[in-house]
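Student: Could you have a look at this structure, given as C-alpha cells, before my questions?
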Amino acid sequence: ALETGEGFDLTEAGTQKRLAVYVTEAPQEIPGIARLGPDPLAPDFDEERFAGLLAGERRQIKGALRDQGLIAGIGNAYSDEILHAARMSPFKLTSSLTKEEIHGLHRALRETLTEAVERSRGVAAGRLKAEKKSGLRVHGRTGEPCPVCGDTIREVSFADSSLQYCPTCQTGGKPLADRRLSRLLK
C-alpha cells in the first residue's frame, strides 16, 4: 500500500505459492489469460459448444473439466462437485460420453457454478474460502455421508491433488482404486 492508503493486497491461497501481477490495458496479451478456454457461464456456452469442446478429447472427464485451456475457471473442487451433480465417475472417458451424459454434465456444470457465484456474491474476500467450503457436497468431505444418498464419500489421492466422490451416486457403488493407498497395503 502507498503512504496514502491506496493500493491492493494479494493473497495466494494455493499450496504451490505461485503468483504473477500484470498491469496492462490489454488482458489478452497476458499469456495465462490468452490461453484460457471459454467462460462456462457465458451466454454462448451452450450444450452444443460444450459437446464440441469435449469431442476432440480422449481423456478422463475430471482432467478435461480442470483443463483451463479447454474451459476456464473450473478447478479441482468444482470439478468434483459438477461430477457428483451429474452422477458421473471422474474416471469416465470423454470419448465415451453419450449425448444424454453430455446434456446432464452441461446442466450440472452450469447449475453448480451458478450456485457458487450466487453464494459468493457480496461475501468479503476473507470469508470467500469458508463460504466456498460450506457449499461443497463432496469435495473435502472424505469420510462424511453423501448428502444425496448417505453413502460414505471416498477419496483418490494423486501426487499433487486428490478427488472426492460418492460411490453410490457416481460409480455404481464401486470404490475407485486409490493407487497411493493400494501400494501401502501390499
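Student: Hey, does region 104-116 have a residue that's open to solvent by less than 50 Å² (accessible area, probe 1.4 Å) and farther than 22 Å from D46 by Cα?
Tutor: no
Student: Restricting attention to region 122-159, and to residues there that are of a type in the set (K, R) and without any contact (Cβ under 8 Å) to a residue 60 or more places away in the chain, which single residue is farthest from E81 (Cα to Cα)?
Tutor: R127
Student: Right, another one. Every residue in region 80-129 that is out of contact with any Cys (no Cβ under 7 Å at 6 or more places or on another chain) and of a type in the set (K, R), please.
Tutor: Matches in region 80-129: K92, K99, R107, R110, R119, R121, R127, K129.
Student: Please state which of the following conditions L176 fails to meet, knowing it meets all the rest: (1) touching a residue at least 60 places away in the same chain (Cβ under 8 Å); (2) crowded, with 16+ Cβ neighbours inside 10 Å; (3) under 16 Å from I82 (Cβ atoms).
Tutor: (3)
Student: Mind checking whether some residue in region 14-25 is modelled with pLDDT under 75 and either open to solvent by less than 90 Å² (accessible area, probe 1.4 Å) or of a type in the set (D, E) (or both)?
Tutor: Yes, region 14-25 contains at least one residue that is modelled with pLDDT under 75 and either open to solvent by less than 90 Å² (accessible area, probe 1.4 Å) or of a type in the set (D, E) (or both).
Student: For region 129-145, enumerate the residues that are acidic (D, E) and not in a loop (DSSP other than H, G, I, E, B).
Tutor: Step one: of region 129-145, the residues acidic (D, E) are 131, 144.
Within region 129-145, E131 is the sole residue that qualifies.
Student: I'd like the residue in region 152-170 that is touching a helix residue (DSSP H, G or I) at 6+ places or on another chain (Cβ under 6 Å) and surrounded by fewer than 19 Cβ atoms within 10 Å (Cβ to Cβ) and, out of all such residues, is farthest from A77 (Cα to Cα).
Tutor: Among those residues, the one meeting the criterion is S157.
Student: Among helices (runs of 4 or more DSSP H) lying entirely in region 1-104, which contain 2 or more residues that are among the aliphatic types (A, V, I, L, M) and touching a residue at least 24 places away in the same chain (Cβ under 8 Å)? Even if it seems obvious, please write down each step before you answer.
Tutor: Values: elements: 31-34, 47-55, 61-66, 76-85.
Fully inside region 1-104 and qualifying: 47-55, 61-66, 76-85.
Yes/no matrix, rows are residues, columns are (1) in contact with an Asp or Glu (Cβ under 6 Å, 6 or more places away or on another chain); (2) modelled with pLDDT under 95; (3) not aliphatic (A, V, I, L, M):
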| site | (1), (2), (3) |
| --- | --- |
| L2 | no, yes, no |
| L10 | no, yes, no |
| G32 | no, yes, yes |
| L41 | no, no, no |
| F45 | no, no, yes |
| F50 | no, no, yes |
| K62 | no, no, yes |
| D67 | no, no, yes |
| L70 | no, no, no |
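Student: While we're on this one: Quick check on E111: is it among the acidic types (D, E) and free of Cβ contacts under 8 Å to residues at least 24 places away in the same chain?
Tutor: When the stated conditions are applied, E111 does not pass them.
Student: Suppose we filter E57, E6, E48 for residues that are open to solvent by 100 Å² or more (accessible area, probe 1.4 Å) and within 30 Å of T98 (Cβ to Cβ); which single one remains?
Tutor: Going through E57, E6, E48 in turn, just one is open to solvent by 100 Å² or more (accessible area, probe 1.4 Å) and within 30 Å of T98 (Cβ to Cβ): E48.
Student: Still on this structure, I have one more. Going by what's in this entry, would K62 be described as surrounded by 18 or more Cβ atoms within 10 Å (Cβ to Cβ) and closer than 16 Å to L113 by Cα? It would help to see each step written out before you state the result.
Tutor: Numbers: surrounded by 18 or more Cβ atoms within 10 Å (Cβ to Cβ): yes; closer than 16 Å to L113 by Cα: yes.
For K62, the condition - surrounded by 18 or more Cβ atoms within 10 Å (Cβ to Cβ) and closer than 16 Å to L113 by Cα - is met.
Student: Just one of (1) over 25 Å from R110 (Cα atoms); (2) open to solvent by 90 Å² or more (accessible area, probe 1.4 Å) trips up R35, so point out which.
Tutor: Going through (1) over 25 Å from R110 (Cα atoms); (2) open to solvent by 90 Å² or more (accessible area, probe 1.4 Å) one by one, R35 breaks only (1).
The values are calculated or read from the model by the stated rules, or taken from the named source; none is laboratory data. All figures in this text were calculated on a predicted structure; none of them were measured in a lab. Note that we place each Cβ from the backbone using ideal geometry, even for glycine, and neighbour counts take in every protein chain shown. Note: accessible area is taken over every heavy atom of the protein model, side chains too, but ligands, DNA and RNA are not part of it. Shrake-Rupley method; radii C 1.70, N 1.55, O 1.52, S 1.80 Å.
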